[in-house]
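Visitor: Right, I'll just put the structure down here and ask away after.
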Amino acid sequence: MNVPGRRAERLADQIRAEVAEMISAELTDPRIGFATVTRVEVSGDLHHARMFVSVLGSPEVQQKSLEGLASAMGFMRREIGQRLRLRRVPELTFVLDHGPEQNERLEILLRKLKSEQ
C-alpha cells in the first residue's frame with residue numbers, strides 16, 4: 001500500500017536532517033570519517049529508507065565509514081522513532097553516493113576541453 005501525497009518525501013527530508021545531525025554530533029565510532037548524507041529515498045509504503053552517504057577519502061576509508069554507520073543503525077532507528085514520533089521506523093540502508101566524485105571528474109573534463117579550444 002502506498003501512502004498518498006507527499007508523506008514519503010517529507011519523511012525522507014526529516015530522516016535526512018536527523019541522521020545528518022546524529023552523524024556530525026552524536027556518533028563517536030572512529031571508523032566513521034567525514035560523512036555527509038546527500039539524500040534519502042523512502043519507499044512508498046514507508047517501510048524502507050535508503051540513505052545515500054558521501055564520504056571523503058580513499059575507498060578503504062569509505063568502506064570503513066559504511067561499516068561504522070551500519071553498526072550504529074540500531075541507535076539511529078531508535079532515535080529517529082523517538083524524535084519524529086513514528087509508530088513504525090523504516091529499515092535503514094546506507095549506500096555510498098558517488099555523485100560528488102562524478103561531478104568533480106566531469107568538471108575536470110570540461111575544463112580540459114575548454115583549455116584545448
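Nothing in this text is a laboratory measurement; each read-out follows from the coordinates by a stated rule. Owing to the predicted nature of the structure, the values given are computational and were not obtained by experimental measurement.
Visitor: Give me, ordered by chain and number, the residues 5 or more places off Asp97 or on other chains with an amide H under 5 Å from its own placed amide H.
Guide: Long-range HN contacts for Asp97: Val53, Ser54, Val55.
Visitor: Kindly provide log₁₀ I(q)/I(0) values, in the same order as q = 0.10, 0.15, 0.19 Å⁻¹, from the Debye equation applied to equal alpha-carbon scatterers of the chain.
Guide: The calculated log intensity ratios at q = 0.10, 0.15, 0.19 Å⁻¹ are -0.36, -0.70, -0.97.
Visitor: Right, here's the next one. What number, rounded to the nearest 500 deg cm²/dmol, is the helix-based mean residue ellipticity at 222 nm of the chain, given -39500 (n - 2.57) per DSSP H run of at least four residues and division by all its residues?
Guide: -16000 deg cm²/dmol
Visitor: Let me ask another. In terms of the Cα gyration tensor, with a ≥ b ≥ c the square roots of its eigenvalues, is region 1-68 rounded because a/c is under 1.5, prolate because a/b exceeds b/c, or oblate?
Guide: Verdict is prolate for region 1-68.
Visitor: Specify the inter-centroid distance of region 65-117 and region 1-62, based on alpha-carbon positions, in whole Å.
Guide: Region 65-117 and region 1-62 have Cα centres spaced 6 Å from each other.
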